[in-house]
1. To the nearest 10 degrees, how steeply does helix 3-14 sit against the main Cα axis of the chain, on a 0 to 90 scale?
2. Compute the relative contact order of the chain as a whole-number percentage, counting only Cα pairs closer than 8 Å that sit 6 or more residues apart in sequence.
3. In degrees, nearest 10, range 0 to 90: what is the angle between the Cα axis of helix 55-64 and the longest Cα principal axis of the chain?
4. How about K18: which lysines have a C-alpha closer than 19 Å to its C-alpha, ignoring those fewer than 8 places off in the same chain?
5. Can you compute the helix-only [θ] at 222 nm over the chain? Use -39500 (n - 2.57) per DSSP H run of at least 4 residues, normalise by all residues, nearest 500 deg cm²/dmol.
6. Mind running the shape call on region 76-169? Use the C-alpha gyration tensor, a ≥ b ≥ c as the square roots of the eigenvalues: rounded below 1.5 for a/c, prolate if a/b tops b/c, oblate otherwise.
7. Which order, highest average first, do 122-129, 202-209, 81-88 follow once you tally other Cβ atoms within 10 Å for each residue and take the mean per peptide?
8. Using alpha carbons only, how many degrees (0 to 90, rounded to 10) separate the axis of helix 214-227 from the longest principal axis of the chain?
Amino acid sequence: MDGFASLQKSIERLIRIKCSNYKEDYIKRRILSRMRLTNTTDFEAYHRYLLANPQELDLLKNALTINVTKFFRDPEVFEVIRREILPDLAHRKNSIRIWCAGCASGEEPYSIAILTYELMALHKDVSVTIHATDIDTGVLQKAMAGIYEKKTLENVDERKLRRHFISHEDGTFEVRPHIKSLVKFREHDLMSGAPISRYLDAITCRNVTIYFTEKQKNNLTHLFHSALAADGYYIMGKTEYLAREVEHLFVPYNAMQKILRKAP
Ligand SMILES: C[S@@+](CC[C@H](N)C(=O)[O-])C[C@H]1O[C@@H](n2cnc3c(N)ncnc32)[C@H](O)[C@@H]1O
């Protein structure tokens, strides 16, 4: 077994990330970035370093699951969610269930929670649950704490900031309890093949599958299709797309914003 293969085996055993589900050059690039920072010259040397330094396990896991995100990332998408999708669901359902898959540190599910909370003022009989999941327990802890630096809030207007966040003296902002209570965070591996629930009304999975192999992406598309209720929405990242083999599972709703609906 070569150095890279045996390193991958250790990553799977110790970090529980199945490297073969990700594109190989993506995994290599992420490891190379850790090798530069740990002054290790080849995969064997980095492997030895990883086994001898338990703190490196977390650092490598972070590098493999880059968690970049912010509130209302791609504001146009959230505008369609606010103006069209949530009103449509509130009109048809008493209980709306949304899954934010690959939610990182929580900015995306909290953005949706803010929009649903504001909508619920108009539809008092409608309840909303947002299931937010990620493979990385470190980011989920941050998500549950709900405390953010100002830079991740640049798309949140002053009114929303005052209404839905507590401003702390150290310059951070904490999501208020009325928004936190709408979101349930949970660890979940999108490659496990199991959905967190069924009969969901919308799934957002944005900027997560770019590192998955085509096969994993297609498996996930099937998983989302079976987890959605009839007419459910699937909101992808702006640079993501459906492969030809699975295109028939969804129909475009807003092609520009990468929003699809479950095909009848
Ligand atoms: C770039 S962030 C996307 C955050 C948010 N969806 C957004 O668009 O702003 C990608 C997230 O996907 C998560 N991720 C990667 N592989 C995953 C998997 N197999 N299962 C669940 N989450 C995964 C990472 O941990 C990371 O938090």
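Every read-out reported here was derived from the displayed coordinates using simple, explicitly stated rules and does not represent laboratory data. Because the structure is a prediction, the values reported are computed rather than measured. Methodologically, a virtual Cβ is constructed for each residue, glycine included, from the backbone with ideal geometry; neighbour enumeration extends over all protein chains shown.
1. Once rounded, one gets 50 degrees.
2. On the way: 392 pairs, mean separation 42.8, N = 264.
Reported relative contact order: 16 percent.
3. Once rounded, the angle reads 60 degrees.
4. Straight-distance partners of K18: K9, K28, K61, K215, K217.
5. On the way: 11 runs with 107 residues, N = 264.
Taken over the chain, the calculation gives -12000 deg cm²/dmol.
6. Because a/c hits 1.5 or more and a/b fails to exceed b/c, region 76-169 counts as oblate.
7. Numbers: 122-129: 14.4, 202-209: 23.0, 81-88: 18.4.
Listed from highest to lowest mean packing, they are 202-209, 81-88, 122-129.
8. The answer is roughly 30 degrees.
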